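Just so it is clear, none of the values below were taken in a lab; they were calculated from the coordinates. Keep in mind the model is a prediction, meaning the values are calculated, not measured. Every residue, glycine as well, gets a Cβ built from its backbone with ideal geometry; the counts of neighbours run over all protein chains shown.
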Amino acid sequence: MAAERVVVVDNLFMGDDTELAEKIRDPSHVRNYTEEEWRGFFADAGLEVDEVRTFSYPIEFEPWLERTECTGQDAERCRELLAGRITGGDVVLDRIALRGIPGG
């Protein structure tokens, strides 16, 4: 029988400006978590983190805004807040992948 495992992939906390941009773009956004917080969630669930990978994740910026109907002044504010993360037509987000196994 194969070992049980849990894999989570999500955006990482990247700072207050990025969090504000996410909230403006998508009012249902609560917040992104740090690696330390993710490790705590796994530990609280009785899981041991046995692998972590972080990576950059480029997303086409304009379609990303359009998916949540973020336009006008809100879209412009997101552009300002994320200016340091926009390259070409992409916004580059930090992502994390964690794998956990029972036993933590």
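Structure values in brief
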item: Relative contact order (%) - the chain, alpha-carbon pairs under 8 angstrom, separation at least six; result: 48
item: For the chain: Kirkwood Rh in Å [reciprocal of mean 1/r, alpha carbons]; result: 15.0
item: Virtual spin-label span in nm between GLU19 and ILE59, 7 Å along Cα→Cβ; result: 1.8
item: Theoretical ellipticity at 222 nm over the chain - DSSP helices of four or more residues, -39500 (n - 2.57) apiece, nearest 500; result: -10000 deg cm²/dmol
item: Amide H contacts under 5 Å for LEU12, placed H, 5+ residues apart; result: ASP94, ARG95, ILE96
item: Cα pair distances of the range 34-79 binned at 5 Å [whole percent]; result: 5, 16, 17, 10, 9, 14, 15, 11, 3, 0
item: Length gained when the stretch THR34-ARG95 is fully extended (0.36 nm per residue, less Cα-Cα span); result: 21.0 nm
item: Residue among VAL30, VAL49, VAL92 with the largest mean-square fluctuation in a Gaussian network model of the chain, springs linking Cα atoms under 10 Å; result: VAL30
item: Stretch in the chain that is longest and holds no GluC sites (Glu not before Pro) that DSSP places in a loop and that have at most 14 other beta carbons within 10 Å; result: 5-68
item: Long-range amide H partners of ASP50 with built H, under 5 Å; result: ARG99, GLY100, ILE101
item: Two-site FRET efficiency, ALA45 against ARG77, from Cβ-Cβ distance with R₀ of 35 Å, rounded to 0.05; result: 0.45
